[in-house]
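So the structure is just underneath, and the comments pick up after that.
The values are calculated or read from the model by the stated rules, or taken from the named source; none is laboratory data. Keep in mind it's a predicted model, so treat the numbers as computed, not measured. Counting neighbours? That spans all protein chains shown, and the Cβs are built from the backbone with ideal geometry, glycine included. Note: accessible area is taken over every heavy atom of the protein model, side chains too, but ligands, DNA and RNA are not part of it. Shrake-Rupley method; radii C 1.70, N 1.55, O 1.52, S 1.80 Å.
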Amino acid sequence: MYLKMGKQVTIGNLIAVLSTLMISIFIWAKSMETKAAEHDMRIKSLERISSRFEQKLDKINGTLVQILIELQNKVDEKK
């Protein structure tokens with residue numbers, strides 16, 4: 001808002017500018033809140049997927065350990 005030397009800032013003009021600014025800030029804040037909520041949901045989803053893969057890897061690791069033990073036992077029996 002550029003003021004010329006002869007103009008005065010009236011309450012009406014000030015309210016109009018401030019209300020527009022407040023509405024813009026409110027819309028921006030809601031947008032940021034929505035984006036934060038979306039990112040939070042994505043993070044939680046990825047954490048669940050990561051947890052599932054971790055469980056599968058633990059199961060595979062247990063199976064591999066069991067196979068290696070059985071192979072070691074067979075080698076020991078042949079000696």
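Hey, can you tell me all the residues within the stretch 3-57 that are of a type in the set (Asp, Glu) and open to solvent by 100 Å² or more (accessible area, probe 1.4 Å)?
Going through the stretch 3-57, the residues of a type in the set (Asp, Glu) turn out to be 33, 38, 40, 47, 54.
Result: Glu33, Glu47, Glu54.
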**OP:** Evaluate the following for Asp76: is it assigned to a helix (DSSP H, G or I), loosely packed, with under 10 Cβ neighbours inside 10 Å and either among the β-branched types (Val, Ile, Thr) or at negative phi (or both)?
**Re:** yes
